[in-house]
Amino acid sequence: MIYLSNDNRRQRRKLLLATLIVIALFGIDILTHGFIRAQVRVVGSAVWRAADGMVRGMTGSGILATRSKLARENEELKHQVAQLKERLTAVRAAEVENQELRTIAHMAALQNGVAAPIISSLKASPYGTFLIGAGASEGVQRGATVLSKEGFVIGEVTEVAAHQALVKELFASRSKLDTRVGTIPITLLGSGGGNAVGEAPRGSQIATGTPVSVPSLGGRLVGLVGKTEGNVSTPSVKVYVRTPVNIETIRFVYVVNVR
Amino acid sequence: MTIIRITIAIMGFLAAVVLNAWIPGIAIVALAFLWRAWEALLLGLFVDLLWLPSGNIPFFTIGAILIVWVMEPIRKQFLV
């Protein structure tokens, strides 16, 4: 019994020490203006890229999907098919990437900014944030506006490191945003994944597809009305807004610094 | 049991980077409930360092500390 009690006490001390270390690490990070978090994010984005590459390779090449069929063929043909499919996937991925970059290059001709790849998951963050592969060295500033290739605002840069930056989604869960739906001013409440909801005054006539802009961002577009609920008899009209592009499939963004 | 503990911790860390935020949250609760798990605290800190914009409240770090210490009396009831 004495042994167990001592062991318990030792484990408890270890936990207390770990708690103090965690608090100290957080404090050091704040005092060093985010030195630790910058390192953690470098590791995090490297892990995400490796995992993302693996998933894309496996789903794209069809190695797993056609294994039973290929098993009936001889070894040489199996190898050749897999190789060709792998090459085709790489070419297709490059085509998609080129297409996105071409669109962004067109955007660059219209306004000064930086094209940046997304280097983290868009759904893993509990705070509605994601990482982009451009930072202070590339001219990205805190508060910069992040646009999709279609020119819709999808977020704002909240932290900048040397070669990466943390972006907070405009429609992050529970975030509020003063917008203008057509000509009607509405405060939208973000629900994550590029979706938001707001309430317009009773009897408002809002058509599906009406563009939604943000006056504080120079009238830039943030989304389109996807659906409305309510009529003249209801106290208000519920307006559902979404970004026209699926935010989880975006691979490149365009960052415009606020002057 | 050690293997389960390590597996939950690794899953939590990987999920914090690649999957949904619910999974590291569940991992923290599971680790804290079953063991005096210092890795639950690190996992909470890791999520906040990775995703938290500056100036916001570090919910995962604070949550992990609270859960680990709140679970202490409960854990005592179940563990030898």
All helices (runs of 4 or more DSSP H) inside chain B with 3 or more residues being among the aromatic types (Phe, Trp, Tyr)
B:38-51, B:59-78
Tally of residues being surrounded by 22 or more Cβ atoms within 10 Å (Cβ to Cβ) and either at the interface with chain A (Cβ under 7 Å from one of its Cβ atoms) or among the hydrophobic types (A, V, I, L, M, F, W, C) (or both) across the stretch B:43-64
11
When every residue in the stretch A:127-167 that is in a loop (DSSP other than H, G, I, E, B) and of a type in the set (A, V, I, L, M, F, W, C) is compared, the one farthest from the chain's Cα centre (by Cα) is A:Ala162
Just to be sure before I move on: is A:Val239 of a type in the set (Val, Ile, Thr) and within 20 Å of the chain's Cα centre (by Cα) in the structure I sent?
no
Could you say whether any residue in the stretch A:15-34 is of a type outside the set (A, V, I, L, M) and touching a residue at least 24 places away in the same chain (Cβ under 8 Å)?
yes
Of the numbered conditions (1) assigned to a strand (DSSP E or B); (2) surrounded by fewer than 19 Cβ atoms within 10 Å (Cβ to Cβ), A:Glu248 satisfies every one except a single condition; which is it?
(1)
Checking A:Leu170, A:Leu101 in turn, the sole residue that is modelled with pLDDT under 90 and either assigned by TED's automatic domain parsing to the domain that holds A:Thr234 or surrounded by fewer than 23 Cβ atoms within 10 Å (Cβ to Cβ) (or both) turns out to be A:Leu101
Considering only residues that are among the charged types (D, E, K, R) and in contact with a helix residue (DSSP H, G or I) (Cβ under 8 Å, 6 or more places away or on another chain), which ones fall in the stretch A:219-259?
A:Arg251
Of A:Ser175, A:Ser233, which residue is of a type in the set (Gly, Ala, Ser) and closer than 23 Å to A:Leu147 by Cα?
A:Ser175
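If you go through the stretch A:189-212 one residue at a time, how many are within 20 Å of A:Lys123 (Cβ to Cβ) and of a type in the set (A, V, I, L, M, F, W, C)? Lay out the reasoning, then the answer.
Step one: filter the stretch A:189-212 for residues within 20 Å of A:Lys123 (Cβ to Cβ), giving A:189-197.
Pick out the ones that are also of a type in the set (A, V, I, L, M, F, W, C) and you get A:189, A:196-197.
Here the count works out to 3.
The values are calculated or read from the model by the stated rules, or taken from the named source; none is laboratory data. Values in this document were obtained by computation on a predicted structure and should not be read as measured data. Don't worry about glycine lacking a Cβ; one is built from the backbone with ideal geometry, like all the others, and counts go over all protein chains shown.
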